[in-house]
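Beneath this line is the structure, given in structure tokens, with notes to follow.
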Amino acid sequence: MNITGRKERAARKLLAGIRKKYKKRRGEFISIDEFCEFTSLQKESVREFLSH
């Protein structure tokens, strides 16, 4: 299960979009802050999801 509810391929495209925006190379980590800014999700929701 993933927080966005997207299928794997769509989730990979989302990560690629985030990397492109922040000029990161493939394989570089995405921060929670970057993910939340890009997706408009709340940090608290993401942190809670990751802790389970």
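Any read-out appearing in this document is the output of simple, stated calculations on the displayed coordinates, not a laboratory observation. On a predicted model such as this, the values are computed, not experimentally measured, just so you know. Here the Cβ positions follow ideal geometry from the backbone for every residue, glycine too, while neighbour counts run over all protein chains shown.
The table below gives the values:
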| quantity | calculated |
| --- | --- |
| Length-normalised contact order of the chain in % [C-alpha pairs under 8 Å, at least 6 apart] | 27 |
| Estimated 222 nm signal from helices in the chain, with DSSP H stretches of n ≥ 4 weighted -39500 (n - 2.57), rounded to 500 | -17500 deg cm²/dmol |
| Two-decimal log10 I(q)/I(0) for the chain, as the Debye equation yields it once each C-alpha is a single scatterer, q = 0.13, 0.14, 0.22 Å⁻¹ | -0.30, -0.35, -0.87 |
| Degrees separating the helix 8-21 axis from the principal Cα axis of the chain, which is the longest one | 60 |
| Loop trypsin sites (Lys or Arg not before Pro), the chain, which have at most 14 other Cβ atoms in a 10 Å radius of their Cβ (DSSP) | Arg6, Lys7, Lys23, Arg25, Arg26 |
| Low-density loop positions, chymotrypsin sites (Phe, Trp or Tyr not before Pro), the chain - DSSP coil, at most 12 other Cβ in 10 Å | Phe29 |
| GluC sites (Glu not before Pro) lying in DSSP loop within the stretch 1-48, provided at most 11 other Cβ fall within 10 Å | Glu28 |
